[in-house]
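The structure under discussion appears below in the form of structure tokens.
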């Protein structure tokens, strides 16, 4: 699992991934959990904002815009 966690963190952190070498396995797991939770929270917030924006559109264009944005 450690390799999976480290690989995921490297993808998320990009060029800043070098700092991972200084972290213990427990710290890596905690960072992974925190970033995963933040990404889930961000996805929910983005979905809610998209839904609210869609509600602001006139009904005649809502379906077309929904198809364009994947809703």
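Here are the numbers for the structure shown:
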| quantity | calculated |
| --- | --- |
| Order of 32, 41 under a 10 Å beta carbon neighbour criterion, fewest first | 41, 32 |
| Acute angle (nearest 10 degrees) that the helix 59-69 long axis makes with the longest principal axis of the chain, alpha-carbon atoms | 30 |
| Gain in span if fully extended, residue 35 to residue 12, counting 0.36 nm per residue against the direct Cα distance | 7.4 nm |
| Cα-based helix-to-principal-axis angle, 25-56 vs the chain, degrees rounded to 10 | 10 |
| Helix 2-13 axis, angle to the chain major axis (alpha carbon atoms, nearest 10°) | 50 |
| Correct choice for volume of the Cα convex hull per residue in Å³ that was computed from the model, options (1) 152; (2) 101; (3) 77 | (2) |
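Every number in this text was worked out from the coordinates using simple rules, so none of it is lab data. Worth saying up front: this structure is predicted, and the values here are computed from it rather than measured. Positions of Cβ are backbone-derived with ideal geometry, glycine not excepted, and every protein chain shown enters the neighbour counts.
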